[in-house]
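Visitor: There's a structure below that I have some questions on.
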Amino acid sequence: MVELQKKLVALATGLALAASTGVSHAQEPVPQQPVTQQPVMQEPAAPPPAAPKPFLAFTARRMVLPERTLLPYSHLLVVPASTPQGSTSIGLNIGMMYGFGSGWMLDAVFAPLKLASAFSYGNPELALTRELIRSKPFELSVSTRALFRSNIADGGPLGGFELGVPMFFRLNEHFRLDVAAYLPFSVSQRPIGALGVTRAGLRAPMAFYYQVHPNFLVALGTGLNARELSDVSGTFSVPVSFNVGFNTNINGFWLDVFPYVALPAFYSQAGVNMKAVAIGLFVDVARRL
């Protein structure tokens, strides 16, 4: 009985408190406070791992650099003497490419250096390329190149210009065929450009690339050169080259290294020429600004 009386008293007290609380809320509304969860003290979460820098194999890259991409390069070319009376020729071209706008690219050779026997400064060049067609299997662009003279006494600062149409054909992700046609012109009838044209010439290079691995490739190059279009049969030559390539990404910088061996005049009107050999090394580093 005592226990029952205690329970009845507790129940009555609880009802009285509930009634008085309800009256108080009805007379003086009190805003309800949102229920918040107290923060739990814990160690801050580790930042997610950085995403890997994008990297494309050489055969998968565009002909024209993407916008705001800078690519400085150097091209070393050594041509040993082909006769006992000849001399070795060594040249080093230092230049830079820059992609801008939508499908535009500048290419400037600002340090054409001749290193053999006597050091001298060669002829700088400036090219502008415009992308016309870009697709995975086919790319086409047009380019114009100004050929300057370092020796103004040879006929003024502008020695000539060159018009070109380069194309890419991708057979699949491993194979790429590069074909182009360039028409160099001399404005002073003095030798200018890679072929030494005095009026109008032709360069039609072709290169076949095979990407053995995302970081390694091999290439075979050939084509047709004519120093003078007015005498193609007497000035033409067919070059042959073989090169390997190494491509990688180092902290966001794309690095390409291309050593090669070439026979610049493998076949011409005089027949097959295996004595004239050129050894080259092309190195470039690209970075998106």
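The values are calculated or read from the model by the stated rules, or taken from the named source; none is laboratory data. Note that the coordinates shown come from a computational prediction; the quantities given were computed from them, not determined experimentally. Here the Cβ is made from the backbone with ideal geometry for all residues, glycine too, and neighbour counts use every protein chain on show. Surface accessibility is based on the protein's heavy atoms, side chains included, excluding ligands, DNA and RNA. Shrake-Rupley method; radii C 1.70, N 1.55, O 1.52, S 1.80 Å.
Visitor: Roughly to the nearest percent, how much of the accessible area of the range 90-149 is carbon and sulfur, given a 1.4 Å probe?
Guide: 68
Visitor: Using DSSP to define loop residues, name the trypsin sites (Lys or Arg not before Pro) in the range 202-283 whose beta-carbon has at most 14 other beta-carbon atoms within 10 Å.
Guide: Those that pass, being in a loop and sparsely packed, are K275.
Visitor: Same structure again: What's the FRET efficiency of S102 with Q189 using the Cβ-Cβ distance as r and R₀ = 30 Å, to the nearest 0.05?
Guide: 0.20
Visitor: Something else about it: If I take R0 = 25 Å and measure r between the Cβ atoms of T144 and V277 in this structure, what FRET efficiency does the formula 1/(1 + (r/R0)^6) give, to the nearest 0.05?
Guide: The value I calculate is 0.20.
Visitor: Tell me the label-point distance for the pair Q269, V232, using the 7 Å Cα-to-Cβ offset, in nm and rounded to one decimal.
Guide: Reported label-point gap for Q269 and V232 is 1.4 nm.
Visitor: Using a Förster distance of 45 Å, how high is the FRET efficiency between N249 and N151, based on the Cβ-Cβ distance and rounded to 0.05?
Guide: 0.65
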